[in-house]
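Peer 1: Please read through the structure below; I'll follow up with questions.
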Amino acid sequence: MDFNPLSYLLTEPKARTLIEYRRLLREAIQKICLLGLWRGGFFEHAAFYGGTALRMMYKLDRFSEDMDFSLLKAQPDFRLGDYLGTVSRELAAWNIDAELQLPVKKESNIESAFIKANTLSTLLTLKIPDKELSRLHRDEISSVKFEIDPNPPCPFDTEFRFILDPIPFSVRTMSLADLFAGKMHAVLARSWQNRVKGRDWYDLVWFVRNKIPLNILHLTARLQQSKHMVESDCLDEQSFRAMLQRRIETIDFEQAKQDVLPFIPHPESIQNWSKDLFKSVIELIEIES
């Protein structure tokens, strides 16, 4: 078999099962997409944030599926599609035959794109054990979703951090205090429908454990933008903790645990999740001065 330049991205020593190979493939696609965006100058205008940014840039120990970005400031003429050509060429350079889709925006201002690659045909070019590949359906798709917020609610701090695979390159990402604000907005304001997103609560514990301060001014701006606060209100430390206390009372943490389990390496780390636990976590949140 000819050498495939993608192969070393999927040589994680712990990868022994089909689930692990699927995950490594999706993460490889995510990294290559970031590389393509970097080549296209995307990070001159936008920053990486959300769960995947936390995992790749700051070593959050859970897997994340989607890639979220925010413009540094509103640009009415910005188009995500202008950067997908370099992403497509980068994927092809790494032997990934992928389809890129750019759905037409409807009610939301958020722009999104989807990268889809056939899982079996991509893994067949690599030295994956046949007994694992035989369990894959020939039409299974490995997909990555991009979303970009074209209208950030306020200025935020950023920094450039390096990713070393598949080659060294830099990615602009939000500062940790601003990432915490975005995550806390998800905790307080996300609409669950019938499913609590336990990943948000897992990330909250990660921020607190790592003593990351919360940018409460950024959080306030996000809550005002999403109409969860009126513009005349001011979120201080006391009102923030009270708001989070009320949110905790509405959470089914057994359901939250089921949501996050497929994304974490150590299930025992969430076995004690409860309302009382998270009420104690609230008191440990540091507020950025």
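The values are calculated or read from the model by the stated rules, or taken from the named source; none is laboratory data. All of these numbers come straight from a predicted model, not from anything done at the bench. All Cβ positions, even for glycine, are placed from backbone atoms using ideal geometry, and neighbour counts span all protein chains on display.
Peer 1: Considering only residues that are under 24 Å from Tyr58 (Cβ atoms), touching a residue at least 12 places away in the same chain (Cβ under 8 Å) and surrounded by fewer than 20 Cβ atoms within 10 Å (Cβ to Cβ), which ones fall in the stretch 190-205?
Peer 2: Selection gives Lys197, Val205.
Peer 1: Asp157 passes all but one of (1) at pLDDT below 90; (2) more than 27 Å from Val104 (Cα to Cα); which number fails?
Peer 2: Tallying (1) at pLDDT below 90; (2) more than 27 Å from Val104 (Cα to Cα), Asp157 fails exactly one: (1).
Peer 1: So which residues in the stretch 149-183 are in contact with a Phe, Trp or Tyr (Cβ under 6 Å, 6 or more places away or on another chain), of a type outside the set (Asp, Glu), in contact (Cβ under 8 Å) with a residue 40 or more places away in the chain and under 29 Å from Phe278 (Cβ atoms), if there are any at all?
Peer 2: Residues satisfying the conditions are Thr173, Met174, Leu179, Gly182.
One line per residue, one yes/no per condition, for (1) among the aromatic types (Phe, Trp, Tyr); (2) crowded, with 16+ Cβ neighbours inside 10 Å; (3) part of a loop (DSSP other than H, G, I, E, B):
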position: Val104; (1), (2), (3): no, no, yes
position: Leu123; (1), (2), (3): no, yes, no
position: Glu132; (1), (2), (3): no, yes, no
position: Arg138; (1), (2), (3): no, no, yes
position: Ser143; (1), (2), (3): no, yes, no
position: Ile148; (1), (2), (3): no, yes, no
position: Pro153; (1), (2), (3): no, yes, yes
position: Phe160; (1), (2), (3): yes, no, no
position: Asp165; (1), (2), (3): no, no, yes
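Per-residue answers, yes or no, for (1) in contact with a helix residue (DSSP H, G or I) (Cβ under 6 Å, 6 or more places away or on another chain); (2) in contact (Cβ under 8 Å) with a residue 24 or more places away in the chain; (3) at positive phi; (4) not in a loop (DSSP other than H, G, I, E, B):
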residue: His185; (1), (2), (3), (4): yes, yes, no, yes
residue: Leu188; (1), (2), (3), (4): yes, yes, no, yes
residue: Thr220; (1), (2), (3), (4): no, no, no, yes
residue: Met229; (1), (2), (3), (4): yes, no, no, no
residue: Ala256; (1), (2), (3), (4): yes, yes, no, yes
residue: Val260; (1), (2), (3), (4): yes, yes, no, yes
residue: Pro265; (1), (2), (3), (4): no, yes, no, no
residue: Trp273; (1), (2), (3), (4): yes, yes, no, no
residue: Phe278; (1), (2), (3), (4): yes, yes, no, yes
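Peer 1: Quick check: is even one residue across the stretch 23-39 closer than 22 Å to Pro155 by Cβ and not β-branched (Val, Ile, Thr)?
Peer 2: Yes, that holds for at least one residue.
Peer 1: A further question follows. Could you say whether any residue in the stretch 76-92 is assigned to a strand (DSSP E or B), in contact (Cβ under 8 Å) with a residue 12 or more places away in the chain and within 30 Å of Val260 (Cα to Cα)?
Peer 2: No: zero hits.
Peer 1: Also, quick follow-up: From the list Ser64, Ser70, exactly one residue is buried (at least 20 other Cβ atoms within 10 Å of the Cβ), in contact with a Lys or Arg (Cβ under 6 Å, 6 or more places away or on another chain) and touching a residue at least 60 places away in the same chain (Cβ under 8 Å). Which is it?
Peer 2: Checking each option against the conditions leaves just Ser64.
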